[in-house]
Amino acid sequence: MELNVITNPAFETAAEVLSQIVESIIEIGITSKNVFIEKECFVKLANYLEKIVPLLKTLKTKRISNSDGLNKFIDILSREVKVASQLTEECGKRNKVYLLMNWRSISKRLEDTTREISRALSLIPLFTLDISSGIIGEISQLSELMQSAEFKAALAEEEILEKIESGIQESNVDRSYANNLLYSIAQAVGASTEQSALKKVFEEFRSEIENAQLRKNHAEAKQMDQIIALLERADATSSPHEKELKYLTKRNSLGTQPLEPLRSFICPITREVMVDPVETSSGHTFERSAIEQWFAAGNNLCPLTATQLDTLILRPNRTLRKSIEEWMDRNTMITIASMKPKLLSGEEEEVLRCMGQLQDLCEQRDIHREWVTLENYIPILIGFLGDRSRDVRKHALIILCILAKDSDDAKARITRVDNAIESIVRFLGSRIAGKLAVALLLELSKSELIRDCICKVQGCILLLVTMSSSDESEVAGYARELLENLSFSNENVIQMAKANYFKHLLQHLSSGPEDVKLVMATTLAEMELTDRNKSSLLDDGVLDSLLHLVSHSDTKMKLVAVKALQNLSSLPKNGMQMIKEGVVRPLLDLLFHHTSPPTLKEEVATTIMHLAISTASQDLDETQVSLLESNEDIFRLFLLITFRGCTVQQSILRAFHALCQSPSATTIKASLKQCSAVQQLLPLCELDDLNVRANAVKLLCCLTEDVEANILEHMGPKSIDTLLKIIRTSSDDEEIASAMGIISNLPKCPQITEWLLGAGGLPVLFSVLPVSNHNGSHQNQLIENAVGAISHFSDPTNQQSQKQAAEIGLIPVLVKLLESTTRLTRRQAALSLAQFSVSSPILSRPVPKRHGLWCFSPPPETLCIVHRGICTVESSFCLVEADAVEPLVRVLGESDLEVCEAALDALLTLIEGERLQSGSKMLAEANAIPSMIKLLSAPSPVLQEKVLTSLERIFRLAEIKHTYGASSQMPLVDLTQRGNSSARSLAARILAQLDVLPDQSSYF
């Protein structure tokens, strides 16, 4: 609303004028929200004015007589409100850049208007007394605030204005300076920084200042012309073609020969062309640094006229400086144009000299780089990249780097040269030129159009990834930054990942759009990752992103996320970390949910299997981690072995097999037995699906390790037949070993032995035993379980089964297995030999009486020196005949106490009953007694008592007591002091035998 100043005597009443002012203030408040530049300042002014509105409304209700004070108040207020209204409206319509350039003038007008309104407010108490003291106080406070109000530009805008002032004063600022300035202006006015948008910003600004009305203000017009001249140096203000035409027109007008400098260009002191000419108080011009040194040396007379100089007066001679710069630019332009034929001469020395000169010129000024580009040197330099001279190639790369920096035109020209990018990429593999090449590619990658060209060059991304871990930090930094620029494309990110660089894949997976997350997760799911990759991915935080996708509503997203987890979890270290970070619960929820599709369940089950396998790799000194925390989870997971999809069955069976070998094995086995796992596994062992069958057999083997009597409730001859069939027909050594293990774990009872014999199990089990028949990682387990399984036939209560086993050749094999590499095999072999040996006294045949003439009788059979009868391995299972004594004595000297005890049990069968003397001599001859004495110091009370009992009997033989008594004395004495009550008593009895203690001593 337009206000008229109250000077007309016929104007409306004061109340009407105040109403008009209130309406204008309200309108200013609305308009202030639409200004383009420094909106906060206009809002601040509007807020001040809005605080006046209640006061004006109050004044309207008062009966105030006409006075000079009232007229002056209304006059000032209406005038300044009108100014504020016009200024606010203008700043909402004029060009944004123009307003920014004029902000200091605008802010001055805002401050002046605010102060004038403040002065008007101070007049109110002078023309009316009908106002409360409280209102007068508010008026005074508001007046003071408005009087001191300042309307300053934001820091960024103020920096732009300062750069413009500096650029105008420094007439030869570089193109990059203008580029950065135009970029900052575009940001300040909220415009896009794309090249086309920057040009539009500039054109609109130029159109604004060419307005005829603006030209009336000559000072402002001149300032705006200077700003236009400064911004015209920016790349965006004209097309490359326009610049090239302008350059060629100017260069062609200069001639071909450089000009000598004018005398006025030469400093009288240095005798060189001046760079920063300054004028002294004498009116003569010198190079600034030279005259300052002159004064610093104590000279205060003019070097030319010897007149007294005021050393404080040094005025920049801008006119002369501009002339010098124009002369230098002319000569440089001619020089640049004249070097092309020399570069193409083909003479290496001349080429290197010209390239050095060209490099120096490019490094001096930005405008020189632009001229070199416009002279079309870039194709020549690209051609030099294939030169046979390493120095030429290096110089070409250096100059190309300089030209490309901050120049979109140079970048585009490089790209337009055939095979230019390929030629540059080829240098990435060079130790010497690699740094220059990656720096050049980095600069080129700032152009979105060129990025596609770079990443399409075969091997480029792989080379960059290799360089990103370079020992030279600058090279590594360039490579990483270039990879960052190339990460705009999903395909590039995938190529980086395949080259073991996962940074951008992880970023896209974490914060990219849904379709990009799907692509990245799919990549992780399908990639062949090394263990190092898997570990680093988890360390870099991939798990959080994948868990987020596992809970996604889209089934496809869930599936690829689970597959990616599966890929990562195959590394045990990762599996443990994933369990700790809560991956199990969401996976179990997916597996148990009835709506999860079969394919998803299969992948989840496989992932859980990997996690289970990882728990089996825990060290005992680690904090133990459990996969399944509750019985409910164990039961529900095990029930999935009935799932028809064989992949799920296999995975669940393998998972429980792994868990049965983990620190939580006891808990897992107990829970499985509660849900009748054995009963459910036995039918699976009969399946035609070999993979499911094999895994069921392996798990069943684990569950039968801690065998209970009620296992026979679920097993019968049919189960034995099934296991033996597996042993005969399977090609999986681990499955065979597990089937053997199940048989080995069954109770040693006549019923099991009869089932085995009835099913023809003896030859099947024995066929596995020869060590030479097996190779591979499961050989030891296979032999261990086979020895355990065949021990069913060594039970001394069933001599018929013993006889069959002996006749098939089992005993010599057992003797040979005493030298096996595994402790369990040696122990089980020794125990079986002990059981066979128990039957030897009964089966040893007495010597038949000889009748008739001795000379016509057949020669007598050899007597067994222990059993004093006729013994053979097959008929009486004699350890002596089997040459088992010495191997057993060797085992007796081992560090494993369980193996030692088994060997001792076998050897002690030779001294039972009436065989004490003959058996003891055999043990002495085999050097077994020293090993037995050593076992007195073993940390096993059971083993100590067995040795003590046997020594007490053996030392009844005077010869043996005399030989070994002394060496046993110290261990026996130690046992009388440190052993348990039984050991102390036995040791004391032996010491009494050795005449160390009295026979009747009852102390022990």
- Task: Return the residue satisfying two criteria in turn: it lies in region 650-672 and is of a type outside the set (A, V, I, L, M, F, W, C), in a helix (DSSP H, G or I) and out of contact with any Asp or Glu (no Cβ under 8 Å at 6 or more places or on another chain), and of such residues it is surrounded by the fewest Cβ atoms within 10 Å (Cβ to Cβ).
- Result: THR666
- Message: Any residue at all in region 961-970 that's of a type in the set (Lys, Arg), within 60 Å of the chain's Cα centre (by Cα) and open to solvent by 10 Å² or more (accessible area, probe 1.4 Å)?
- Response: no
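Among ARG956, ARG978, which is open to solvent by 40 Å² or more (accessible area, probe 1.4 Å) and modelled with pLDDT of 90 or more? It would help to see each step written out before you state the result.
Details: ARG978 fails: modelled with pLDDT of 90 or more.
None of the others qualify; the one that does is ARG956.
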- Message: I need the full set of residues from region 439-498 which are among the small types (Gly, Ala, Ser), under 20 Å from SER511 (Cβ atoms) and in contact (Cβ under 8 Å) with a residue 24 or more places away in the chain, in order please.
- Response: SER489, ALA497
- Item | helices (runs of 4 or more DSSP H) enclosed by region 679-763 - at least 2 residues per element that are farther than 21 Å from HIS657 by Cβ | 717-729, 750-758
- Task: Would you check if SER875 is modelled with pLDDT under 95, part of a helix (DSSP H, G or I) and crowded, with 18+ Cβ neighbours inside 10 Å?
- Result: no
- Under 8 Å by Cβ, and 6 or more places apart or on different chains, what pairs join a residue from region 250-267 that is without any contact (Cβ under 8 Å) to a residue 40 or more places away in the chain with one that is of a type outside the set (S, T, N, Q) and part of a loop (DSSP other than H, G, I, E, B)? ILE266/GLU272; ILE266/MET274; CYS267/MET274
- Message: Can you tell me which condition ARG321 does not meet? The list is (1) in a helix (DSSP H, G or I); (2) open to solvent by 70 Å² or more (accessible area, probe 1.4 Å); (3) charged (D, E, K, R), and all the others hold.
- Response: (2)
- Query: Which of the residues that make up region 169-201 are at pLDDT 80 or above, assigned to a helix (DSSP H, G or I) and of a type outside the set (Gly, Ala, Ser)?
  - Reply: TYR177, ASN179, ASN180, LEU181, LEU182, TYR183, ILE185, GLN187, LEU198, LYS199, LYS200, VAL201
- All positions within region 131-180 that are among the aliphatic types (A, V, I, L, M), open to solvent by 30 Å² or more (accessible area, probe 1.4 Å) and touching an Asp or Glu at 6+ places or on another chain (Cβ under 8 Å): ALA154
- Note on the structure: Considering region 927-960, residues that are more than 60 Å from the chain's Cα centre (by Cα) and among the polar types (S, T, N, Q), and then whichever is nearest to GLY913 (Cα to Cα), we arrive at SER950
- State all residues of region 216-248 that are assigned to a helix (DSSP H, G or I) and among the aliphatic types (A, V, I, L, M); if no residue qualifies, say none. ALA219, ALA221, MET224, ILE227, ILE228, ALA229, LEU230, LEU231, ALA236, LEU245, LEU248
- Every pair of residues 6+ apart whose Cβ atoms lie under 9 Å, when the first sits in region 935-954 and is of a type in the set (D, E, K, R) while the second is open to solvent by 50 Å² or more (accessible area, probe 1.4 Å): GLU945/ASN980; GLU952/ARG989
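Listed here are the residues, each with its yes/no results for (1) in contact (Cβ under 8 Å) with a residue 12 or more places away in the chain; (2) open to solvent by 30 Å² or more (accessible area, probe 1.4 Å); (3) among the basic types (Lys, Arg); (4) not assigned by the TED database to the domain that holds MET146.
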site	(1), (2), (3), (4)
PHE36	yes, yes, no, no
VAL53	yes, no, no, no
LYS60	yes, yes, yes, no
GLY69	yes, no, no, no
ARG79	yes, yes, yes, no
SER85	yes, no, no, no
LEU99	yes, no, no, no
- Failed condition for LEU690, given (1) of a type in the set (A, V, I, L, M); (2) open to solvent by 70 Å² or more (accessible area, probe 1.4 Å); (3) farther than 26 Å from LEU723 by Cβ: (3)
- Output for Cβ contacts, cut-off 7 Å, separation at least six or different chains, first residue closer than 20 Å to GLY760 by Cβ in region 706-720, second modelled with pLDDT of 80 or more and in a loop (DSSP other than H, G, I, E, B), reads PRO717/ALA759; ILE720/ALA759
- Task: Please identify the pairs in which a residue from region 742-762 that is among the aromatic types (Phe, Trp, Tyr) has its Cβ atom under 8 Å from the Cβ atom of a residue that is open to solvent by less than 30 Å² (accessible area, probe 1.4 Å), counting only partners at least 6 apart or on another chain.
- Result: TRP755/GLY716; TRP755/ILE720; TRP755/GLY761
- May I ask you to verify whether LEU951 is under 27 Å from LEU831 (Cβ atoms) and not assigned by the TED database to the domain that holds THR821? yes
- Restricting attention to region 599-621, does a residue exist that is at pLDDT below 90 and farther than 24 Å from LYS669 by Cβ? no
- Given the conditions (1) under 26 Å from ILE752 (Cβ atoms); (2) modelled with pLDDT of 90 or more; (3) charged (D, E, K, R); (4) crowded, with 16+ Cβ neighbours inside 10 Å, which single one is not true for ASP733? (2)
- Item | Subset of region 144-161 (residues that are more than 20 Å from GLU80 (Cβ to Cβ) and either modelled with pLDDT of 85 or more or aliphatic (A, V, I, L, M) (or both)) | ALA153, ALA154, LEU155, ALA156, GLU159, ILE160, LEU161
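Just a yes or no: is a residue in region 296-317 more than 30 Å from ILE398 (Cβ to Cβ), in the same structural domain as SER264 (by the TED database), among the polar types (S, T, N, Q) and part of a helix (DSSP H, G or I)?
Within region 296-317, none of the residues are more than 30 Å from ILE398 (Cβ to Cβ), in the same structural domain as SER264 (by the TED database), among the polar types (S, T, N, Q) and part of a helix (DSSP H, G or I).
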- Message: Considering only region 628-639, I want to know if a residue exists there that is under 17 Å from ALA694 (Cα atoms) and either open to solvent by 10 Å² or more (accessible area, probe 1.4 Å) or in a helix (DSSP H, G or I) (or both).
- Response: yes
- Of the residues that make up region 792-801, is at least one more than 22 Å from LEU879 (Cβ to Cβ) and outside any helix (DSSP H, G or I)? no
- Message: Return the residues of region 249-279 that are open to solvent by less than 50 Å² (accessible area, probe 1.4 Å) and in a helix (DSSP H, G or I); say none if nothing qualifies.
- Response: PHE265
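The values are calculated or read from the model by the stated rules, or taken from the named source; none is laboratory data. This is a predicted model, so every value here is computed, not measured. Counting neighbours? That spans all protein chains shown, and the Cβs are built from the backbone with ideal geometry, glycine included. Heavy atoms of the whole protein, side chains included, go into the accessibility calculation; ligands, DNA and RNA do not. Shrake-Rupley method; radii C 1.70, N 1.55, O 1.52, S 1.80 Å.
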